[in-house]
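Colleague: The following block contains the structure, expressed as structure tokens.
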Amino acid sequence: MSGRFSEEAMTAAMREVAAVLGVPSEDAQLLRLTNNAVFALPRQGIVIRIGRTHRLRDRMTKVVQLGRWFEKVDAPTIRLAPNVEQPIEVGDLAASVWTYLPPQSPAPTVQELGSVLREFHALDVPPLPLPRWDPIADARRRLVDAEGLDGRDRDYLAHWCDRLETRVEALAERATGQLVHGDAHVGNLLRDPQGRAVLCDFDATCVGPWQVDLVAVAVGEARFGVANAHRTLAAAYGSDVTTDPSWPLLREARELKMIVAAVPLLAGSPAVAAEFATRLRSVQQADHGTRWTPFADLTDLHREWQL
């Protein structure tokens, strides 16, 4: 893979961040290569997250501010690495640094996700300049930096954004405005040293309708064919989002995210490009029967990608 945000480029950026921190990076492990390049340095006890687009650099400041506030209120979340001035800028990119949590058994469950989300939604809105829930603006920013995206596909996605925008704005205006994680699925749960399930990945965290955080599992079950996940989440949380009047719009906004999320890797991964085409075609044809394949299952990717 080549390009500004390739694995090679992100690895070089990670080594620069490690140098700023004054730590060796020989044990670095690439965990994710999606919207962020996420590297674990187990012996150093840290995780380095580097944004893979210049246009989302403001998110890095937001997640660092959130990380500090989460620790202050003992939120059910991962913690920033202590004693690190961040975000760290490397050329045109920015990185955040977190405490490394090694994998533990048993793996976090959908039931725990429901319980953690209930606790997370009970938090006050932090006194920070958090964005309002706006999946359309996020999608448009990703399209600008997309490499390898066919012009016709770009036009279709842009028109899809146009079509949803007014409805999304109206829903956001009606919402009471709670703290929303923004990408709540089991892949964004870890276990802390005490064994408590905690949330990670706060790029999409915002203020908006709490229902947003119940959508990923419901849409994932429909598109990936994962049985009973949504029912388990609804029981643990105490609400079934598929019975909410906003469900059709929330589902469509989530599917847009699940498709646009692939564009950073289209130029370098044939398997991602093929899956992107399948997903886009099924939406264009209003085909709800075709099952999508999680990017994590693609043989040429070998990275953790839950969408």
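The values are calculated or read from the model by the stated rules, or taken from the named source; none is laboratory data. Here the structure is a predicted model, which is why all the values come from computation and not from measurement. For neighbour counting, all protein chains shown are included, and Cβ atoms are generated from backbone atoms with ideal geometry for every residue, glycine included.
Colleague: Within the set of pairs 6+ apart or on separate chains, which have a first residue in the stretch 132-153 that is within 16 Å of L249 (Cα to Cα), a second that is among the acidic types (D, E), and C-beta atoms under 7 Å apart?
Modeller: Qualifying pairs under 7 Å: I136/E165.
Colleague: Please verify whether D287 is modelled with pLDDT of 95 or more and either farther than 30 Å from E8 by Cβ or crowded, with 20+ Cβ neighbours inside 10 Å (or both), treating the condition exactly as stated.
Modeller: So D287 does not fit the description; no.
Colleague: Right, here's the next one. Please enumerate the residues belonging to the stretch 75-102 that are touching a residue at least 24 places away in the same chain (Cβ under 8 Å) and loosely packed, with under 14 Cβ neighbours inside 10 Å.
Modeller: Listed by number, the residues that qualify are G91, D92, P102.
Colleague: Is the stretch 66-74 home to any residue that is crowded, with 22+ Cβ neighbours inside 10 Å, under 20 Å from the mean Cα position of the chain (by Cα), among the basic types (K, R) and more than 30 Å from A235 (Cα to Cα)?
Modeller: Among the residues of the stretch 66-74, not one is crowded, with 22+ Cβ neighbours inside 10 Å, under 20 Å from the mean Cα position of the chain (by Cα), among the basic types (K, R) and more than 30 Å from A235 (Cα to Cα), which makes the answer no.
Colleague: A further question follows. May I ask you to verify whether L189 is closer than 16 Å to V116 by Cβ and within 14 Å of the chain's Cα centre (by Cα)?
Modeller: yes
Colleague: A further question on this structure: Return the total of residues in the stretch 240-278 being outside any helix (DSSP H, G or I) and in contact with a Leu (Cβ under 7 Å, 6 or more places away or on another chain).
Modeller: Count: 4.
Colleague: Would you mind finding the one in E221, E173 that is at pLDDT below 95, surrounded by fewer than 18 Cβ atoms within 10 Å (Cβ to Cβ) and not assigned by TED's automatic domain parsing to the domain that holds F39?
Modeller: E173
Colleague: Only residues in the stretch 225-242 that are outside the structural domain of F120 (by TED's automatic domain parsing) count as the first member; pair them with residues that are modelled with pLDDT of 95 or more, Cβ under 7 angstrom, at least 6 apart or cross-chain, and list the lot.
Modeller: If the second residue must be modelled with pLDDT of 95 or more, no pairs are left.
Colleague: Let me ask something additional. Looking at the stretch 20-43, which of its residues are under 18 Å from D192 (Cα atoms) and surrounded by fewer than 19 Cβ atoms within 10 Å (Cβ to Cβ)?
Modeller: Those that are under 18 Å from D192 (Cα atoms) and surrounded by fewer than 19 Cβ atoms within 10 Å (Cβ to Cβ): L31, P42, R43.
Colleague: Within the stretch 202-211, work out how many residues are closer than 15 Å to G114 by Cα and either assigned by TED's automatic domain parsing to the domain that holds N36 or in contact with a His (Cβ under 8 Å, 6 or more places away or on another chain) (or both).
Modeller: 1
Colleague: Return the residue satisfying two criteria in turn: it lies in the stretch 116-146 and is under 15 Å from the mean Cα position of the chain (by Cα) and of a type in the set (D, E, K, R), and of such residues it is surrounded by the most Cβ atoms within 10 Å (Cβ to Cβ).
Modeller: Ranking the candidates gives D138 first.
Colleague: Would you mention how many residues in the stretch 13-38 are more than 14 Å from the chain's Cα centre (by Cα) and not aliphatic (A, V, I, L, M)?
Modeller: Counting residues in the stretch 13-38 that are more than 14 Å from the chain's Cα centre (by Cα) and not aliphatic (A, V, I, L, M) gives 8.
Colleague: For the stretch 7-69, which fully contained strands (runs of 3 or more DSSP E) count at least 1 residues that are without any contact (Cβ under 8 Å) to a residue 24 or more places away in the chain?
Modeller: 29-33, 36-41
Colleague: Now, a different point. Looking only at strands (runs of 3 or more DSSP E) that lie completely in the stretch 127-228, which have at least 2 residues being of a type in the set (S, T, N, Q)?
Modeller: By residue number, no strands (runs of 3 or more DSSP E) qualify.
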